[in-house]
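Each value in this text was obtained by applying a stated rule to the coordinates, not by laboratory testing. Keep in mind that this is a model prediction, so the values were computed, not measured. All Cβ positions, even for glycine, are placed from backbone atoms using ideal geometry, and neighbour counts span all protein chains on display.
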Amino acid sequence: MILAAYGFVLFYISGSAMAAQAAYPPYGIISVSLVGLSCYLIYVGLYASALTVSQDTTLRFTIRKSITEQAKFLDSMGSAQMEQELHSTVMKIAKKHSDVMTEKTGVDSSMTENDIKEYMTMVMDEIHKA
């Protein structure tokens, strides 16, 4: 998003100047020539943001699926040890899936380990309520 923001700022600055505005030092030509760079920055920023959101959605789906499958064991036992094992297993799966997505796309996921733990807690609460 930061790249896209820089692109929009640069596009605004270069779009406000015309080549015919400047006198001898051709500053207008320089600013007009930056339109291509600004469009590229906008494109790359929006593309990376879309990839990150897509990866986060896929990662959340994987976490939810894993917890739902393994929560059946928790219903029958209901022990803290099983919940700890569930957390460690899901964290391993999430980390592995995140690494695979990063390797495929080249863009890191924006979900941190704390975000994953909070989401896991939210899913577990939903499962226990249902």
Give me the lysines in straight-line cross-link reach of Lys65: C-alpha distance below 21 Å, same-chain residues under 8 apart excluded. Lys92, Lys95, Lys96, Lys117, Lys129
Just to be sure I understand the model, the point goes 7 Å from the Cα along the line to the Cβ. What's the resulting Ile29 to Lys65 distance in nm? 5.7
